[in-house]
Amino acid sequence: MYTLKEPLEGRGNQLFIDGVSAKSLAEKFDTPLYVISETGIRRNFQRLQNALKQHYEKVKIFYAAKANSNLAVLKILESEGANIDTVSPGEVLLALTSGFTPDRIIFTGTSVRNDELKFLSDSNVIVNIDSLSQLNRLLKIAVPKILSVRVNPEVGAGHHSHVITAGKHTKFGLWEKDALTAYKVAKQAGVKKFGIHMHIGSGILDVKPFVSALGRFLEIARKIHEQTGVDFEFVDVGGGIGVPYKPEDKEIDLQEYAEKVLSLFKDKTNQYGLGEPYFCVEPGRFIVADASVLLTTVNTVKITPYRKFIGVDAGFNTLVRPAMYGSYHHIIVANKADARVEEKYDVVGPICESGDLLAKDRPLPKIDEGDLLAILNAGAYGFAMSSQYNARPRAAEVLVKKGKHKLVREREQLDDLMSSQQISAEWEQ
Ligand SMILES: *Cc1c(COP(=O)(O)O)cnc(C)c1O
């Protein structure tokens with residue numbers, strides 16, 4: 001049987017999340033419902049920070065807000081002393097609203113508009129440049145106090161081709177030659193402080209790709225340092241640490257990750273004369289994925305000559321990862337937490353597409369209408385990627401902590417589907 005990990009726990013046949021019963025939350029707030037454990041988020045952040053700090057003092061963790069940008073989540077991480085990685089002006093605004101000061105915010109956008117560059121410049125956040133075009137347009141607006149360049153270390157990795165963000169065919173980052181030009185141009189324009197950045201991909205459970213990309217990355221940093229005289233205040237190695245989704249997946253060994261990555265980092269910064277820059281990481285998924293579950297109610301059990309379908313009230317409008325990446329999410333029957341697996345089902349949502357599948361051929365206990373399913377590891381790229389497709393209002397989010405709960409995002413209502421639309425008989429000339 002699947003062993004539940006903190007913050008999940010079975011008490012008899014009932015699933016509890018951070019000390020709160022899933023059933024009671026579903027009754028109070030209805031489903032589909034995202035349940036976020038504060039204890040889980042804090043634990044993940046602290047585990048990573050402790051592992052890294054054992055090897056190097058100057059560590060900064062930038063939480064990648066795109067994984068889950070709920071204000072409650074951002075505030076928790078702010079209070080832990082995290083920094084934050086943002087990819088849009090909207091995320092910068094959410095970060096500022098949650099109490100992050102601009103010096104704790106880095107912006108790593110791609111295909112950035114001029115008005116967005118102006119907003120970033122006015123906000124005084126650290127801008128991480130993704131192209132020479134972006135740099136030239138930024139310098140016309142203002143000369144930033146500190147500037148970082150995202151380089152392509154030519155080594156990518158990830159759980160799906162969509163999330164590999166370095167290597168030959170990626171749109172992200174600057175190749176070495178352009179990176180050299182970028183630092184020269186920025187220095188000439190009067191920029192005084194610099195960082196350097198890479199982000200190779202997402203959902204990586206193996207330490208090797210991080211180490212090989214870092215090796216190449218630091219060689220590029222060395223060339224930049226030698227050829228332009230730039231010193232780095234920080235070296236940011238990006239995010240991408242994966243989490244186990246399938247029961248047989250092995251957790252990344254954090255001690256091994258910290259030891260291998262930081263020993264290479266210390267050796268090479270020393271050997272290349274790069275001084276003692278801050279070592280920065282940008283985990284998104286690792287911090288929030290296993291801290292949340294998505295609760296969804298079974299409304300239909302439908303047996304056809306070929307398949308056994310369970311129809312639930314969450315679809316790919318609520319959680320798109322299975323449809324988009326073919327991702328696996330483990331499922332627990334929250335009101336039959338101690339029941340044995342008996343049947344194989346396809347768990348399907350209310351969206352009118354055959355791709356609206358949360359799980360295929362999934363062994364589960366015998367399912368009845370009204371059962372409550374908990375879709376695990378839903379905290380990263382869950383709510384954040386949800387939509388109103390099929391004109392379905394988005395789900396609510398509730399925060400739980402040691403037996404207490406509070407609603408942190410109201411469920412959208414049908415009226416919200418119409419709130420920004422206009423029906424007018426008038427045509428403008
Ligand atoms: C998406 C992203 C991250 C976070 O990726 P995870 O796999 O969730 O850790 C970090 N940095 C940048 C620049 C990103 O785009």
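The values are calculated or read from the model by the stated rules, or taken from the named source; none is laboratory data. Here the structure is a predicted model, which means the values were calculated and not measured. When we count neighbours, we look across all protein chains shown, and the Cβ atoms used for this are built from the backbone with ideal geometry, even at glycine.
Applying the condition of being touching a residue at least 40 places away in the same chain (Cβ under 8 Å) and of a type in the set (Lys, Arg) to the range 164-188 and asking which residue is nearest to the ligand (Cβ to nearest atom) yields Lys171. Evaluated against (1) surrounded by fewer than 23 Cβ atoms within 10 Å (Cβ to Cβ); (2) within 16 Å of the ligand (Cβ to nearest atom); (3) on the phi < 0 side of the Ramachandran plot, Ser202 falls short on exactly one condition, (1).
Applying a threshold of 8 Å to beta carbon distances and a minimum spacing of six or more residues, or different chains, the list of pairs starting in the range 142-158 at a residue that is in contact (Cβ under 8 Å) with a residue 12 or more places away in the chain and ending at one that is polar (S, T, N, Q) and not in a loop (DSSP other than H, G, I, E, B) reads Ala142/Ser121; Pro144/Ser121; Ser148/Asn128; Val149/Asn128; Arg150/Asn128; Val155/Ser212. Would you mind stating whether Tyr257 is in contact with a strand residue (DSSP E or B) (Cβ under 8 Å, 6 or more places away or on another chain), over 19 Å from Gly173 (Cα atoms), aromatic (Phe, Trp, Tyr) and away from the ligand (no atom under 15 Å from the Cβ)? No, not satisfied. Of all residues in the range 295-322, exactly one satisfies the criterion of being assigned to a strand (DSSP E or B), surrounded by fewer than 16 Cβ atoms within 10 Å (Cβ to Cβ) and among the hydroxyl-bearing types (Ser, Thr, Tyr), namely Thr300. Cβ-Cβ distance below 7 Å, separation of 6 or more or different chains: which pairs start in the range 82-94 with a residue that is assigned by TED's automatic domain parsing to the domain that holds Asn114 and within 14 Å of the ligand (Cβ to nearest atom) and end on one that is small (Gly, Ala, Ser) and outside any helix (DSSP H, G or I)? From the range 82-94, no pairs qualify. Looking at Val230, Val211, Val301, Val207, just one residue is outside the structural domain of Glu176 (by TED's automatic domain parsing) and more than 14 Å from the ligand (Cβ to nearest atom), and that residue is Val301. In the range 107-159, the qualifying residues are those that are hydroxyl-bearing (Ser, Thr, Tyr) and in a helix (DSSP H, G or I), and the one that is nearest to Leu93 (Cα to Cα) is Ser123.
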